[in-house]
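Let me begin by presenting the structure, written as structure tokens, before commenting on it.
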Amino acid sequence: MANFPWLTTIILFPIIAALFIPIIPDKDGKTVKWYALTIGLINFSVIVYAFYTGYDLNNPDLQLFESYSWIPQLDLNWSVGADGLSMPLILLTGFITTLATMAAWPVTFKPKLFYFLMLLMYGGQIAVFAVQDMLLFFLVWELELVPVYLILSIWGGKRRLYAATKFILYTAAGSLFILVAALTMAFYGGNTTFDMVTIAGKDFPLKLQLLLYGGFLIAYGVKLPIFPLHTWLPDAHGEATAPAHMLLAGILLKMGGYALLRMNAGMLPDAHAFFAPMLVILGVVNIVYAALTSFAQRNLKRKIAYSSISHMGFVLIGIASFTSLGTSGAMLQMISHGLIGASLFFMVGCTYDRTHTLMLDEMGGVGQKMKKVFAMWTTCSMASLALPGMSGFVAELMVFVGFATSDAYSSTFKVVVVLLAAVGVILTPIYLLSMLREMLYGPENEELISHTKLIDAEPREVFVIGCLLIPIIGIGLYPKIVTQIYDSSINQLTAVLRDSVPTLGGEIKEVQISLTEQISLKAPTIK
């Protein structure tokens, strides 16, 4: 079994299984629901088995590697592999997508088409994290957008066409930068290749690296999302259904962070030294701006959407920290937010199914009638505000400490960044707790109660939230259960980034050098 094509199987199995959905005899959608859930569970089981038997925690290089010739003239191959940057996100994708399939149980409109798209997304999302060929990466990045667009435009809310169109325009426009940069990197030098490992070994001049880095930053900044490229996300979340929410918040945003680590930092380390201070500043803007905007939102979906944007700011700061602890915190923040974001948006769907409103002004006291929903909302919100003992606290603490102890920046810059980021950390519990108060506490809204029968959470909903809370609390109490998966790869990446800055690669010089000299040395220090 050592030579079995695990990753190819994991990618293609749900896609091939989706092709059988149209011929499944099913009138009311029940059969196709169980079929999709069974495929999801089988695929997730295969992911776990492949990880358990074929992945070495101490090996920072690609594992489970497979390469099959596709277009030999261009050295274009079906090339897939997993290392510490991709394996945790592949596991997260299998876990969240399987739960999202279960969350889609209430879907009754065109169920065959819906679950067909869900299984296509399953394979496409894993492919984004697994492929090791630049052109193939671009193709799966683009193909994965189609099911998301259709799910938003067919099963969304009243403004679903606007939200879906905005989503596809933003992400497709950003993808053009990936294509141009990928072709430039592939054809540069004497040999033409799309293999990521080979491209990473090419000696690109600094000016070209800066252009490539800027193009990638725009493309991946849309998906992460980074201010001011974020405006598609609140609209998409505002119109999406619960399973689409879970995939958007739990997986799609993480594609941007993963690509920043894999390509921007891993392939263009010299340019990363120049752009790192900008990433830190953009991260702080994300944290503070999105937290303030979330505080002002009265629509429940948009409030949680801006909260997601705020939490992604910590990923940017961690990636730009030049420390193993900070970069590891960025990776953990992606995993943690994937779990927490999926749980919050699932709860939004549960609440809307009962109250038929998303406006906080129209809710009030619903916790008295829905005690299980009350408990689940409270627990998930505590996780989002980084309560100690939950995964969000560990991830944000690692980013803070990793950046604060970084020797790549001046003390003044670090103090300012930490203080501003702390403002976002303070705002988060304020807007989340006030949200809980307006929704669940206080007197009941008589108009809402008179027109709506508030039924408590059913076993399926409790099971989904329970499955998400187990890793959230488990990581919070013992983060090594996840960090050991990627520690070796993160340490290797951090060493490469530090070597790109002469003042960090070896012994740190005691003498102070001027800003002009630092720029010429490609140092990211901010004076």
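Quick check on the chain: helices-only [θ] at 222 nm, where DSSP H runs of length 4 and up contribute -39,500 (n - 2.57) each and the sum goes over total residues. Nearest 500, please.
The helix contribution divided over the chain gives -22500 deg cm²/dmol.
Annotation: per residue accessible area for the chain equals 38 Å², rounded to a whole number [probe 1.4 Å, protein chains only]. The order of the peptides 31-44, 123-136 by mean Cβ neighbours within 10 Å, most packed first, is 123-136, 31-44. Reducing region 143-170 and region 80-142 to their Cα centroids gives an inter-centroid distance of 17 Å.
When the listed pairs LYS112/LYS166; LYS301/LYS480; LYS30/LYS112; LYS33/LYS110; LYS110/LYS254; LYS27/LYS112 are checked against a 21 Å cut-off, the alpha-carbon distance exceeds it for LYS112/LYS166; LYS301/LYS480; LYS110/LYS254. Solvent exposure of CYS467, expressed as accessible area, is near 30 Å², computed with a probe of 1.4 Å over the protein chains only. Only protein heavy atoms count here; on that basis, with a 1.4 Å probe, HIS230 has an accessible area of about 10 Å². With both labels modelled 7 Å from their Cα along Cα-to-Cβ, the VAL415 to LEU477 distance reads 4.0 nm.
The values are calculated or read from the model by the stated rules, or taken from the named source; none is laboratory data. From a predicted model like this one, the values you see are computed outputs, not experimental measurements. Glycine also receives a Cβ, built like all others from the backbone with ideal geometry; neighbour counts cover every protein chain displayed. Calculation scope for accessible area: heavy atoms of the full protein, side chains included, ligands and nucleic acids excluded. Shrake-Rupley method; radii C 1.70, N 1.55, O 1.52, S 1.80 Å.
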